[in-house]
Structures are given as structure tokens and as C-alpha cells.
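The values are calculated or read from the model by the stated rules, or taken from the named source; none is laboratory data. Remember, predicted model here, so these are calculated numbers, not experimental data. As a convention, Cβ positions derive from the backbone with ideal geometry for all residues, glycine included, and neighbour counts pool all protein chains shown. For the accessible areas, the whole protein counts, side chains as well, though only heavy atoms, and no ligand, DNA or RNA atoms are used. Shrake-Rupley method; radii C 1.70, N 1.55, O 1.52, S 1.80 Å.
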Amino acid sequence: MTEKEIIKVSIEEFSRLQNYMLVTEKESESYKRMKDRYIELKIFLQISGVNLTELDKINE
């Protein structure tokens, strides 16, 4: 995979993950695990130069 393909897949995963987080109770174990992945993806995308202003629905 090229760097651009990896970033594209990560953006798709970030978006999909946020949709799941929005319908999950914040106190649940599932949400806590999703939040860990959310933070990992957010850091990766920021380092990759992706502007998350429009993409970040959770903003945590």
C-alpha cells in the first residue's frame, strides 16, 4: 500500500469508528475501547497532515 492509500483507509476507519461511538453509551466498555482506537487514528492522521476539522465528530 502507498502512503496515500494508508491515509485513505485510516480516514475511512476514523469516520466509521466515530459513527459507532456516537450510538454507544459513553460509560460502556465498548466505547472506552473505541476511544482508544479513535485517539490512535486521530494522532496518525494529524501526523500525516490530514485536517480533522471537518472529519472529527467526537472532538474529545
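For the set Thr53, Thr24, solvent exposure ranked by accessible area (probe 1.4 Å, protein chains only) runs largest to smallest as Thr53, Thr24.
Comparing Ser15, Ser28, Ser48 in a Gaussian network model of the chain (Cα springs below 10 Å), the most mobile by mean-square fluctuation is Ser28. Going by alpha carbons, how many degrees (0 to 90, nearest 10) lie between the helix axis of 29-47 and the longest principal axis of the chain? For 29-47 against the chain, the angle is about 20 degrees. Taking 7 Å steps out from each Cα toward its Cβ at Glu60 and Asn19 produces label points 1.9 nm apart.
Relative to the longest principal axis of the Cα atoms of the chain, helix 3-22 runs at roughly 20 degrees. Using a cutoff of 8 angstrom between alpha carbon atoms and counting only pairs six or more residues apart, the relative contact order for the chain works out to 38 percent. Net charge in the neighbourhood of Lys42 (other residues with Cβ under 13 Å of its Cβ; Lys, Arg +1, Asp, Glu -1) is -2.
Report the residue, chosen from Glu13, Glu27, Glu40, that carries the largest GNM mean-square fluctuation when the chain is represented by alpha-carbon nodes joined by springs under 10 Å. Greatest mean-square fluctuation among the candidates belongs to Glu27. In the chain, helices alone account for a calculated mean residue ellipticity at 222 nm of -22500 deg cm²/dmol, with every DSSP H run of four or more residues adding -39,500 (n - 2.57).
Among the listed options (i) 4, 15, 14, 17, 12, 8, 8, 7, 6, 6, 3, 0; (ii) 4, 18, 32, 23, 13, 7, 2, 0; (iii) 4, 20, 27, 22, 13, 7, 5, 2, 0, the one matching P(r) over Cα pairs in 5 Å bins from 0, in percent as calculated from these coordinates is (ii).
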